[in-house]
Amino acid sequence: MDLRISDEHRQLKDLAHRFTEERIVPHATRWDRDEAIDRDLVPALGDVGFLGLGIDEAYGGSGGDHLAYCLVLEEVARGDSAVRGIISVSLGLVGKTLAKHGTEAQKQRWLPGLCSGRQLGCFGLTEPGTGSDAASLATKAVRDGDDWVITGRKVFITNGTWADVALIFARTGGPGPKGITAFLVPTDSPGFTATEIRGKLGMRGQATAELTLDQVRVGDADRLGDEGGGFKLAMAALDRGRMSVAAGCVGAARGALEVSVRYAKEREQFGKPIAGFQLVQELLADMAVETEAARLLTWRCADLADRGEPFGTEASMAKLYASEAAVRVANNAIQVFGGYGYVDEYPVGKYLRDTRVTTLYEGTSQIQKLLIGRALTGINAFA
């Protein structure tokens, strides 16, 4: 066991740190207030290779392993979790799924644009009536000759109004998970509309949308993977997604800790910096331990993935702990800042609002516990 990162990983981490300091941190508050990240940030993310991590260079990717991916996401989320979400979805859920399961023609068509940031992807699984129970999704795809006609709605879709391609999961067979198939749907297809969801508690800068597909026609060449194999494909993507959410939560927790330590050294009460009070030090110590524990769980998950070993349960553990820990750390950060932590001139309130959703999406904390429990007992609580 060697927990030291390589020189190559260190250089990538330093690059991500500099990029975050220069291109993200100065704008994060404005993006949050405006509920919109500057769109020109996306090709900039592509230029530094962050949107192509783990993708073969033959398709425009920048290579690298899962640990590299986690290191970058931690640094980016330290600056703004909404930016991390753009990368996690377009690359982690769409690009990597396409790279693993797509045909050569599909990879040639979409991966270069996704890796460069000239295009973005979104992941269309959640529906108004099916969140945790994704196997019961209602969107339908009906075969019509060499085409499929898709009708349905998706909701809470990150990158939804910005995406050029949507990975849509639709029912092509009977009820349950075996009746679901995945499709790569160009968002400029007739009948495809995206409506932005505004007024979110957190992650306000990233574009989140409701998608409507009204008899959207795609060719069978746009089917991703086998007919009826979409649910397994989605679950495998979510294992990777949970690892990326965990990495982002580590970054947000670390950001909240760093600004809290700095503030505690500067803020004086009763004639000395509040960092000198034991109860404030207790808050900071708890924050530090939780951040480190979350990071180690995340790195364990990345290590298993890089070894080609199963990591689904470890991804659930990392996502469960890191997301809940990040909320606790951000909440403690507000306590350190006192009343100033309650206004958005300071970043800690945003950390709390942004991390709160991580306990909900890509499987709620309760769903993660059920998945971990199934792995421990062999008993399926979903059956």
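The values are calculated or read from the model by the stated rules, or taken from the named source; none is laboratory data. Given the structure is predicted, the values throughout are model-derived calculations rather than measurements. Cβ atoms come from the backbone with ideal geometry, glycine included; neighbour counts cover every protein chain shown.
Key figures
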item	result
Residue list for segment 288-317, restricted to those being of a type outside the set (Asp, Glu) and either within 15 Å of ARG254 (Cβ to Cβ) or not assigned by TED's automatic domain parsing to the domain that holds VAL245 (or both)	ALA288, VAL289, THR291, ALA293, ALA294, ARG295, LEU296, LEU297, THR298, TRP299
Filter result (among the charged types (D, E, K, R) and more than 18 Å from PHE156 (Cα to Cα)) within segment 169-213	ARG171, LYS178, ASP188
Any hit, segment 168-181, residues being within 19 Å of the chain's Cα centre (by Cα) and not assigned by TED's automatic domain parsing to the domain that holds ALA77	yes
Segment 188-228, residues that are of a type outside the set (A, V, I, L, M, F, W, C) and either assigned to a strand (DSSP E or B) or modelled with pLDDT under 95 (or both)	THR193, THR195, GLU196, THR208, GLU210, THR212, ASP214, GLN215, ARG217, GLY219, ARG223
Selection from segment 118-130 of residues that are small (Gly, Ala, Ser) and surrounded by 24 or more Cβ atoms within 10 Å (Cβ to Cβ)	GLY121, GLY124
Cross-chain or 6+ apart pairs with Cβ under 6 Å, segment 247-271 first and touching a residue at least 60 places away in the same chain (Cβ under 8 Å), then outside any helix (DSSP H, G or I)	VAL259/PRO347
Residue among LEU120, LEU125, LEU137 that alone is within 23 Å of the chain's Cα centre (by Cα) and farther than 16 Å from ALA209 by Cα	LEU137
Filter pass, ASP188 being acidic (Asp, Glu), closer than 29 Å to ALA36 by Cα and over 23 Å from the mean Cα position of the chain (by Cα)	yes
Residue among VAL185, VAL149, VAL155 that alone is part of a strand (DSSP E or B), in contact (Cβ under 8 Å) with a residue 12 or more places away in the chain and crowded, with 21+ Cβ neighbours inside 10 Å	VAL185
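Matching residues to (1) of a type in the set (Asp, Glu); (2) in a helix (DSSP H, G or I); (3) crowded, with 24+ Cβ neighbours inside 10 Å:
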{"position": "GLU75", "(1), (2), (3)": "yes, yes, yes"}
{"position": "ARG78", "(1), (2), (3)": "no, yes, yes"}
{"position": "VAL83", "(1), (2), (3)": "no, yes, yes"}
{"position": "GLY95", "(1), (2), (3)": "no, yes, yes"}
{"position": "LYS100", "(1), (2), (3)": "no, yes, no"}
{"position": "GLN106", "(1), (2), (3)": "no, yes, no"}
{"position": "ALA135", "(1), (2), (3)": "no, yes, no"}
